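Asks: Supplied in structure tokens, the structure appears directly below.
The values are calculated or read from the model by the stated rules, or taken from the named source; none is laboratory data. Everything quoted here is computed from the prediction, not taken from an experiment. Neighbour counts run over all protein chains shown; Cβ positions are idealised from the backbone, glycine included. Surface accessibility is based on the protein's heavy atoms, side chains included, excluding ligands, DNA and RNA. Shrake-Rupley method; radii C 1.70, N 1.55, O 1.52, S 1.80 Å.
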Amino acid sequence: MLAFLSLATLVVLIAVIFYLSWCNSPRQKGKRGEARVHDIILKLPDEYYVLDDVVLQTNHGTTQIDHIVISKYGVFAIETKNYRGDIYGNDYRQEWKQLIVTEVTYPKKWWKTYTYVTKNHFYNPVKQAIGHVCRIKENLKEWPYLKVTPIVVFTGGAVLRNVKSQHHVIYDCELLPTIQSYRTSYLTDEDVEMVINRLSQKNVRAYVNDKTHVSNVNSVRYDTNKKSSSGICPKCGGQLKLRHGKYGSFYGCSNYPTCKFIVQS
């Protein structure tokens, strides 16, 4: 009987460990962040329309957009990051840094506190959001003057410690005021409906699963990194030249301003 109970307890413990591991996986954390942002943007007035988890075709595969908000005041492409810790980055770096500081006190040495620092890197979310804007505009060419605004929103207790960007990189509590600060009309009510229908029709999420999308993204990044390391612009084939800006040195395309591709040196 005791052996049976011990085995049952072991099975439960294993199940709990697997469940906690699943809950804390990057994918599930991302889903919770997206759900949080979805609940926030649903509080917008009725003149705003929301599309979640939109996957659009590109020349190299697919791109996934967490949320698209559509209104007569423009279209907003929202990239959600459910992170904790201190965040560092700018528009030009290929990757941003996440710094997590954890203080731990052990029972046997209760008088002493140990500090653990974890550093992680993730792809520049501003570049992601700008890429989403480009894909949206490609599908809405009938409205060449339509304003499409990229927004990167952080949930989950992240602290934007040293983030410098010309675009909106904000906390979730700032999302509604940011969207509603745009008051210039670009679309009629009929246009808004047409834009919603167009993006809904172009959404291929029903045919593309997460595994296929991630494979497409990794393939594009590999090709981009390979060309960049060879001094070739992955966008137009121009030469990458060393330049200097207020955020440090970077490599920019020789065909600037026609091509604005850059990569951090």
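Asks: Considering only strands (runs of 3 or more DSSP E) fully contained in region 219-265, which possess at least 2 residues that are over 18 Å from Tyr123 (Cα atoms) and either at pLDDT below 75 or more than 23 Å from the chain's Cα centre (by Cα) (or both)?
Replies: Answer list for region 219-265: 240-245, 248-253.
Asks: Working only within region 90-127, note down all residues that are open to solvent by 90 Å² or more (accessible area, probe 1.4 Å) and touching a Ser or Thr at 6+ places or on another chain (Cβ under 6 Å).
Replies: Correct list: Glu103, Tyr116.
Asks: Here is a further query. Looking only at region 27-61, which residues are without any contact (Cβ under 8 Å) to a residue 12 or more places away in the chain and either among the basic types (Lys, Arg) or surrounded by 20 or more Cβ atoms within 10 Å (Cβ to Cβ) (or both)?
Replies: Scanning region 27-61 gives a single hit, Lys31.
Asks: Just a yes or no: is a residue in region 69-80 under 17 Å from the mean Cα position of the chain (by Cα), open to solvent by 20 Å² or more (accessible area, probe 1.4 Å) and within 20 Å of His168 (Cα to Cα)?
Replies: No, there is no match, as no residue in region 69-80 is under 17 Å from the mean Cα position of the chain (by Cα), open to solvent by 20 Å² or more (accessible area, probe 1.4 Å) and within 20 Å of His168 (Cα to Cα).
Asks: Okay, next question. Six or more apart or on different chains, Cβ under 7 Å: which pairs go from a residue in region 162-183 that's within 12 Å of Ile41 (Cβ to Cβ) and touching a residue at least 40 places away in the same chain (Cβ under 8 Å) to one that's part of a loop (DSSP other than H, G, I, E, B) and open to solvent by 40 Å² or more (accessible area, probe 1.4 Å)? Could you list them?
Replies: Matching pairs, first to second residue: Leu176/Lys43.
Asks: Now for a different question. Does Arg84 satisfy being of a type in the set (D, E, K, R), modelled with pLDDT under 90 and crowded, with 19+ Cβ neighbours inside 10 Å?
Replies: Criteria not met by Arg84.
Asks: I'm told Val69 meets every condition in (1) part of a strand (DSSP E or B); (2) without any contact (Cβ under 8 Å) to a residue 40 or more places away in the chain except one. Can you identify the failing condition by its number?
Replies: (2)
Asks: Separate question: Could you tell me how many of the residues in region 155-210 are in contact with a Phe, Trp or Tyr (Cβ under 6 Å, 6 or more places away or on another chain) and at positive phi?
Replies: 1
Asks: Hey, another quick one. Going by what's in this entry, would Gln64 be described as open to solvent by 10 Å² or more (accessible area, probe 1.4 Å), under 14 Å from the mean Cα position of the chain (by Cα) and modelled with pLDDT under 95?
Replies: yes
Asks: Being open to solvent by 30 Å² or more (accessible area, probe 1.4 Å) and assigned to a strand (DSSP E or B) is the filter here; which residues of region 134-165 pass it?
Replies: Val159, Leu160, Arg161, Asn162, Val163, Lys164
Asks: Report, by residue number, each residue of region 182-206 that is surrounded by 10 or more Cβ atoms within 10 Å (Cβ to Cβ) and part of a loop (DSSP other than H, G, I, E, B).
Replies: Tyr182, Ser185, Tyr186, Leu187, Thr188, Asn203, Val204
Asks: Can you report the number of residues in region 104-133 which are at pLDDT 80 or above, over 18 Å from Val55 (Cβ atoms) and assigned to a strand (DSSP E or B)?
Replies: So the count comes out to 7.
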